[in-house]
Amino acid sequence: MVYHEEAAAGVVAGLFFLGFVCSVASKIRTGFRLYLLLGVSTLFRGIGFAVRAAEFHDPYNTNLAAVTLVFRQAGFGISIAVLCILTGCWLKNADQRGKPPKSFPQLSIGVRLLIAPVIVFGPILGAVAAGLLFGVGSDQAITTGNRIRKGSSWAFLGVVTILHATATVAAFFVLRWQWRESKAVASSDGQQDLKGHVRTGGSLQSMRLALAHASRDQHSWVHALQLLCALLQLATIFRVVSIYHPRFADNPDLFYPLQVLPELLYVVVLLWPNLMVRVGMAGNYTSFKECVRAGEKWQGRPGGGAVVVPVGEEEKGSLPGAWVPAKEGGNKVVGRDVEANAA
């Protein structure tokens, strides 16, 4: 059993290291800097699981256990921070017609403010808890360390739950917008009967048009946010349960399928070619992609569209070389930097 656990930890470490390499490659290929933060989270967890594999050769070495806890906690917290930023990017770049009026600008800022508690309860308090649990070693220190771990686990669960609820609300309004657009198209394509009334294809035709529209609409990638939230929520729920029932975390038959596998699938989904960029840029994806290919500085504002500014011109008083591409979501956009280069 020990050999199996050691091999499993080694394989997981290798997969996270591979995720780090793919994250750096994706940043170079797409120009989307959020891949770098994802790379940091995968690197940290790769180190954590590599040290976990080494623990089986020296199970009484508390230093190895402390390093494992620190890097895994920090990596998981940073992965939640990636989801916070990505959700904020979508809320900022999506077309206003697919969002509730006046509410989502505040949500865009709010979900990114969730990064603060995630960083506090992840890398910072993770190091403090490891020091108390494996460094000091007194009964009081162990009690305090376990309380910090409980607080961190519940904080992670709360943040991911908020993100999941936000993504679900966003998906609902996107579907409503797409349905209304399809009904408008169905009405405009209707034919007049003998009495001059317009006949449409009814709800089935509207549904068919809605599905066709959704398959081409960049805003439909909001459902990927729901999937990412669901994966992290499964992992955070297991973390909370295992705090109160440590035997679950010690059981590899539960630990790897219920906590490690969702974390790995989360990374795989984010590293799917162009998926993170499509989700984050929403209606601005096409203009951002064209800008990256042209090697230009991209600027825009929520709702689609962009301004491409030649490098160096942004510091001048005018932008004689700027051009505005076709509208991507119904808005003509000239404005400030969008979270395309989110960090």
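The values are calculated or read from the model by the stated rules, or taken from the named source; none is laboratory data. All figures in this text were calculated on a predicted structure; none of them were measured in a lab. Neighbour counts are summed over all protein chains in view; Cβ atoms, including those assigned to glycine, are modelled from backbone coordinates with ideal geometry. SASA here: full protein model, heavy atoms, side chains in, ligands and nucleic acids out. Shrake-Rupley method; radii C 1.70, N 1.55, O 1.52, S 1.80 Å.
Of all the residues that make up the range 121-153, how many are of a type in the set (Gly, Ala, Ser), open to solvent by 40 Å² or more (accessible area, probe 1.4 Å) and modelled with pLDDT of 75 or more?
Total meeting the criteria: 1.
Considering each of ARG52, ARG33 in turn, give the residue that is within 18 Å of VAL260 (Cα to Cα), out of contact with any Leu (no Cβ under 6 Å at 6 or more places or on another chain), touching a residue at least 24 places away in the same chain (Cβ under 8 Å) and not small (Gly, Ala, Ser).
Being within 18 Å of VAL260 (Cα to Cα), out of contact with any Leu (no Cβ under 6 Å at 6 or more places or on another chain), touching a residue at least 24 places away in the same chain (Cβ under 8 Å) and not small (Gly, Ala, Ser) holds for just one of ARG52, ARG33, which is ARG52.
Give me the helices (runs of 4 or more DSSP H) completely within the range 191-290, filtered to those with at least 1 residues that are at pLDDT below 90, ordered by residue number.
The helices (runs of 4 or more DSSP H) meeting that bar are 202-216, 222-244, 246-250, 252-255, 275-281.
Would you check if LEU64 is part of a helix (DSSP H, G or I) and either of a type in the set (D, E, K, R) or within 12 Å of the chain's Cα centre (by Cα) (or both)?
Numbers: part of a helix (DSSP H, G or I): yes; either of a type in the set (D, E, K, R) or within 12 Å of the chain's Cα centre (by Cα) (or both): no.
Judged against the criteria, LEU64 is not a match.
Whether any residue in the range 29-38 is among the aromatic types (Phe, Trp, Tyr) and more than 19 Å from the chain's Cα centre (by Cα) is what I want to check. Show your work before the answer.
Initial filter on the range 29-38 (among the aromatic types (Phe, Trp, Tyr)): 32, 35.
Still in the running and more than 19 Å from the chain's Cα centre (by Cα): none.
No.
Scan the range 34-59 for residues that are in a helix (DSSP H, G or I), over 14 Å from ALA74 (Cβ atoms) and of a type in the set (Phe, Trp, Tyr) and report the count.
1
Okay, residues lined up against (1) modelled with pLDDT of 90 or more; (2) among the basic types (Lys, Arg); (3) farther than 29 Å from LEU175 by Cα:
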{"site": "ARG45", "(1), (2), (3)": "yes, yes, yes"}
{"site": "ALA54", "(1), (2), (3)": "no, no, yes"}
{"site": "ASN63", "(1), (2), (3)": "no, no, yes"}
{"site": "PHE71", "(1), (2), (3)": "yes, no, yes"}
{"site": "GLY75", "(1), (2), (3)": "yes, no, yes"}
{"site": "ILE80", "(1), (2), (3)": "yes, no, no"}
{"site": "ILE85", "(1), (2), (3)": "yes, no, no"}
{"site": "GLY88", "(1), (2), (3)": "no, no, no"}
{"site": "LYS99", "(1), (2), (3)": "no, yes, no"}
